[in-house]
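First up is the structure itself, then whatever we jot down about it.
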Amino acid sequence: MMRCPNCRTKDIGKLGVNSYYCWGCYIELTLENGVLHLHQVELDGSLSSLDDLFDEQERREGEAYGH
Ligand SMILES: [Zn+2]
């Protein structure tokens, strides 16, 4: 089961093949080469990256899926 690296909820919705949405903290998650990229959707609809808040290990697929 996929888990949000930000709020640790399992309440993740699928948006597309490699993109997901977290209902816990309302961020968009994109899976790329086994690493999750996190984006916050701003009020004007633009995306701002949250990747800087997490190191790559935290965003790796294995971690996100809880092994
Ligand atoms: Zn979350």
Phi angles of the range 20-30, converted by Karplus (6.51 cos²θ - 1.76 cosθ + 1.60, θ = phi - 60°) into ³J(HN,Hα) in whole Hz with x for Gly and Pro, give 9, 10, 8, 7, x, 10, 6, 10, 9, 10, 10
Expressed in angstrom, Rg and Dmax over the Cα atoms of the chain are 10.9, 36
Expected max-MSF residue from LEU50, LEU29, LEU15 in the GNM of the chain (alpha carbon, under 10 Å) is LEU15
For TYR21, the residues 5 or more places away or on another chain with a placed amide H closer than 5 Å to its own amide H are GLY13, LYS14, LEU15, LEU29
Length gained, ASN18-ASP55, 0.36 nm per residue minus C-alpha separation, equals 11.3 nm
The chain: relative contact order from alpha carbon pairs under 8 Å, six or more residues apart, as a whole percent, is 26 percent
Sequence order, the range 2-14: Karplus ³J(HN,Hα) from phi using 6.51 cos²θ - 1.76 cosθ + 1.60, θ = phi - 60°, Hz rounded, Gly and Pro as x, gives 7, 10, 6, x, 7, 10, 6, 6, 9, 7, 10, x, 8
Once phi for every residue in the range 35-52 is put through the Karplus expression 6.51 cos²θ - 1.76 cosθ + 1.60 (θ = phi - 60°), the whole-Hz ³J(HN,Hα) values, with Gly and Pro written as x, are 10, 7, 10, 10, 9, 9, 8, 7, 4, 8, x, 7, 10, 10, 6, 10, 4, 5
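Laboratory data are not the source of any read-out in this text; all were calculated from the coordinates shown. In this text the structure is predicted, and so the values were computed from the model without any measurement.
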